[in-house]
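Notes follow the structure.
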Amino acid sequence: MKRHQTTIIDIARELGLSKSTVSRALTGHPHVNPETRQAVLELAEKRDYQRNMLALSLVTSQSHTLGIIVPEFISPFFPRIIIRAQEVAAKAGYNVIVSQSNESYETEVANAKVMLANRVDGVLVSVTKETRNFDHFKVFQRKGIPIVFFNRVCEEMDVPKVVVDDYEGAFKAVEHLIRSGKGRIAHLAGPNSLLISRKRLQGYLDALRKHKLPIIEELIIPYDLTQEKAKIYVKHLLELPEPPDALFAINDPTAFEAISVIKAKGLRIPEDIAVVGFSNDYASALIEPGLTTVAQPMQEIGESAVQLLLEQMERDVSDWKAITRVLKTELIIRGSSQRKTDE
């Protein structure tokens, strides 16, 4: 048997009110008697009334919904950002629709269309490693829907962005390895399409230059961020005639794969080869040895991104400001780069 869903008409009949009065009470209209509003809200809760948000958005031009599009859920990085973003959005009275693109440009385009179809009031985006065309996000701008990029950003769109200082984080990580006595440092880099990859690579290169260490091209390998390729390239580096004595990885998942391969080879970490990651994933403190990594303020990223989005939504389109917030990182030193006797 199909369950009857309570409607505005049902509430209006039971309270002896007009449909328009009930509708205004449910949407917080200021010209509704407080006692009437309270009676409507109490009955709506009692009858488990669910608002038709799409219909409501057609009337108010607002859905009270924000969209979040991220490239993947494999690592805990994006989920931790999303959790904080949802908390901030909820306090501001917004629901959140989340979609992940599985590192696929085509899926990302489809996700953007879903957000538009759901009439989101604003959207937060971190792009896939494949994304080089941003037309699907420029549609939001044309429609007057605010958009904020975070972590993996679109450089060609003049909109707010939230990033960390990837360059400084990478520089500190590599300088730490150098000061730990390492001189042949490899870098498993991310795809060149991502600004974070280029920034971290530049930090790596400049740290070597500062300490007058040679830049060895065979030790720098950009790759597609897949686990399979990470294992292949780490194995390749270890089998070089003169293998590296340290590895700076583009992110923690890459570093985890590297540690696994290094252990399988029977090598000691950090004596034979040190490893440093980037992001401070939860598991980085749990593996053995603990992973030295560049910590990113994930909660602050999520909070800042939503705040920027809400600020845009409160302004006229002509007053939108393309603010870029650059957050600081912190180097967390653990056993993968430092012997216990050296601590």
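Observations on the structure shown:
- With coordinates expressed along the principal axes, the C-alpha atoms belonging to the range 208-263 extend over 33, 24, 18 Å, beginning with the largest.
- What the phi angles of the range 278-295 give under the Karplus curve with 6.51, -1.76 and 1.60, with θ = phi - 60°, is a coupling list of 8, 2, 6, 4, 3, 6, 5, 8, 9, 6, 10, x, x, 8, 5, 7, 9, 7 Hz, glycine and proline written as x.
- The charge dipole of the chain, taken about its Cα centre with unit charges on the Cβ of Lys, Arg, Asp and Glu (plus for the first two, minus for the last two), comes to roughly 480 debye.
- Which of Asp281, Asp135 has the fewest Cβ neighbours within 10 Å, and the rest in rising order: Asp135, Asp281
- For the range 147-254, applying the loop criterion from DSSP together with a ceiling of 15 other beta carbons within 10 Å to the GluC sites (Glu not before Pro) yields Glu155, Glu156, Glu239.
- In summary, the lysines within cross-link reach of Lys321, defined as a Cα separation below 20 angstrom excluding same-chain residues under 8 places away, comprise Lys138, Lys143, Lys161.
- For the chain, radius of gyration divided by Kirkwood radius, i.e. Rg to Rh on alpha-carbons: 1.11
- With contributions of -39500 (n - 2.57) from each DSSP H run of at least four residues, the per-residue ellipticity at 222 nm computed over the chain stands at -13000 deg cm²/dmol.
- Listed peptides 249-255, 284-290 by packing density, highest first (mean Cβ within 10 Å): 249-255, 284-290
- For Val164, the residues 5 or more places off, or on other chains, whose built amide H falls under 5 Å of its own are Asn151, Leu327.
- Summed side-chain charge close to Glu218 - residues other than Glu218 whose Cβ falls under 15 Å, Lys, Arg +1, Asp, Glu -1: -2
- With neighbour counts taken as other beta-carbon atoms within 10 Å, the residues Ile185, Ile215 rank, fewest first, as Ile215, Ile185.
- Between Leu41 and Lys212, the simple label model (points 7 Å from Cα in the Cβ direction) yields a spacing of 7.1 nm.
- Taking N as its residue count, the alpha carbon Rg of the range 191-231 over 2.2 N^0.38 Å: 1.30
- Using θ = phi - 60° and Karplus 6.51 cos²θ - 1.76 cosθ + 1.60, couplings along the range 147-152 (whole Hz; Gly, Pro as x): 9, 10, 8, 9, 6, 9
- For the chain, the relative contact order is 17 percent, taking Cα pairs closer than 8 Å that sit 6 or more residues apart in sequence and dividing their mean separation by the residue count.
- q = 0.11, 0.13, 0.19 Å⁻¹, the range 165-283: log10 I(q)/I(0) [Debye, one scatterer per Cα]: -0.30, -0.43, -0.97
- Neighbour counting of Cβ atoms within 10 Å sorts the residues Tyr223, Tyr282, fewest neighbours leading, into Tyr282, Tyr223.
Here, each number is a calculation from the coordinates, and none is a lab measurement. Just so it is clear, the model here is predicted, and its values are computed rather than measured. Heads up, the Cβs are rebuilt from the backbone with ideal geometry, glycines too, and the neighbour counts pull from every protein chain shown.
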